[in-house]
Amino acid sequence: MLKHLTKVAQIGCLSLFFFLPSRVDAQLMTDQKIRVAGVEREYHLFVPDDHHNAPVVLLFHGHTNSSDELIGLSGKRAPQASFRVWLDIAKKDNVILAIPNGRYVSRREKGWNDCRADAPTNSKADDVLFINKLLDSIVDEYKANPKQVYATGHSNGGHFAIRLAQEIPEKITAFAAISASNAANSECKDANIPVSALVMNGTADRFLPYSGGPMMAKRGDVLSTAGTLHYWIKRNGTDPFAEMDKLPDTTVKDQSRAEKYTYKNGINNTEVVLFRILNGGHTTPSIQVRNRRLLLRILGNQNADIEMADEVWSFFKTKKK
């Protein structure tokens with residue numbers, strides 16, 4: 001059973017107005033807790049008024065970040081702060097958002113146990129069990145739609161979304177990996193259940209090499225973005241050739257542009273989509289939430305032609321088990 005109202009943040013109130021979209025006026029239940037295998041795990045939960053048969057979207061923060069930083073509760077402009085746009089989407093389209101916290105990998109840093117066997121700084125927690133139990137609780141308590149469960153995250157959070165599609169594919173309808181790719185040295189077992197996949201990677205990402213290989217800071221090796229796509233195209237049985245859309249380059253100052261490649265007609269109506277962010281860095285594309293200059297110097301260019309959350313939701317909402 002979920003423990004509610006440990007702390008409640010009223011979205012749109014004055015104290016949070018700077019960090020959260022003012023159009024969201026429902027309640028976000030923060031610091032919720034669930035005990036999994038004797039360990040207390042934390043998460044935030046957004047539940048719309050009309051939650052019966054609602055879709056569920058899981059949002060995962062990156063390595064060293066937190067669920068607070070992901071949706072703007074911390075007061076820090078985190079690299080993936082544009083995920084707070086999901087709160088607007090959830091209010092508008094009656095979506096349940098589950099925003100879990102990873103386990104500590106040091107005294108102050110949180111992260112996820114994703115598929116990278118050669119990333120020694122990954123958490124060792126059984127995060128798949130945590131999410132499995134959390135989803136069961138949400139479906140049971142709020143009568144959410146188990147056939148519309150989606151997972152997305154940035155960097156380590158994106159890698160973990162891939163792990164969920166590998167290890168509990170019967171529960172994940174689709175996933176979106178932002179600045180993330182399949183592990184080259186994977187500790188996860190390959191599944192064969194089709195799961196629609198979206199990948200959104202920057203070609204100038206210094207942390208996650210677009211062409212594959214070792215990640216920065218000894219965070220393990222990854223497949224190239226092309227290799228990652230090949231895996232999901234083959235697994236889902238989609239068309240081998242994509243429909244390509246060169247998206248409008250509306251913001252010259254961001255020094256990047258976006259292309260979209262869609263592989264259709266997969267098993268059980270699955271699809272695979274690539275957003276190729278030309279000259280994009282280790283960032284989440286956003287029109288509404290811009291990274292500070294210092295972050296851009298570290299992470300690289302942030303595309304401003306598309307809104308990551310809107311593009312991912314447009315992909316998710318058409319997918320059903």
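Okay, here's what the table says:
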read-out: Whole-Å distance, taken between Cα centres, linking segment 126-141 and segment 67-120; value: 17 Å
read-out: The chain - percent relative contact order, Cα under 8 Å, separation 6 or more; value: 14 percent
read-out: Amide H contacts under 5 Å for ALA174, placed H, 5+ residues apart; value: VAL149, ALA151
read-out: Amide H partners (placed H, <5 Å) of VAL105, local residues excluded; value: LYS110, GLY111
read-out: Segment 292-307 - phi-based ³J(HN,Hα) in whole Hz, Karplus 6.51/-1.76/1.60, Gly and Pro as x; value: 5, 4, 4, 5, 5, 5, 7, 9, x, 5, 10, 5, 10, 8, 10, 9
read-out: Karplus (6.51, -1.76, 1.60) ³J(HN,Hα), θ = phi - 60°, over segment 131-138, in Hz, Gly and Pro reported as x; value: 5, 4, 5, 4, 4, 4, 5, 5
read-out: Full-stretch length increase - ARG35, GLU109 - with 0.36 nm per residue and alpha-carbon distance subtracted; value: 24.6 nm
read-out: Within a Gaussian network of the chain (alpha carbon springs, distance under 10 Å), most fluctuating of VAL39, VAL56, VAL222; value: VAL39
read-out: Rounded to 5, percent antiparallel among DSSP beta bridges of the chain; value: 60 percent
read-out: Per-residue ³J(HN,Hα) for segment 83-97, Karplus 6.51 cos²θ - 1.76 cosθ + 1.60, θ = phi - 60°, Hz, x for Gly and Pro; value: 5, 5, 4, 4, 5, 5, 4, 4, 5, 5, 10, 6, 10, 7, 10
read-out: Scattering profile of segment 190-306 at q = 0.12, 0.14, 0.18, 0.22 Å⁻¹ [log10 I(q)/I(0), Debye over alpha-carbon scatterers]; value: -0.47, -0.63, -0.95, -1.17
read-out: Student exercise, segment 7-316 dipole from Lys, Arg, Asp, Glu Cβ charges, in Debye to nearest 20; value: 900 debye
read-out: Net lengthening on full extension, LEU294/ASP190 (0.36 nm per residue, minus Cα-Cα); value: 33.5 nm
read-out: Linear extension gain, ASP49 paired with ALA117, 0.36 nm per residue minus alpha-carbon span; value: 20.4 nm
read-out: Label point 7 Å beyond Cα of LYS264 along Cβ direction - residues of segment 204-248 with amide nitrogen under 19 Å; value: 233-234, 236-247
read-out: Kirkwood Rh and Cα Rg combined as Rg/Rh, segment 27-136; value: 0.97
read-out: Interchain or long-range residues, amide H under 5 Å from ASN279's placed H; value: THR203, ALA204
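Coordinate-derived values only; no laboratory data. What you see is a predicted model; the values in this text were computed from it and never measured. We place every Cβ from the backbone using ideal geometry, glycine too, and count neighbours over all the protein chains shown.
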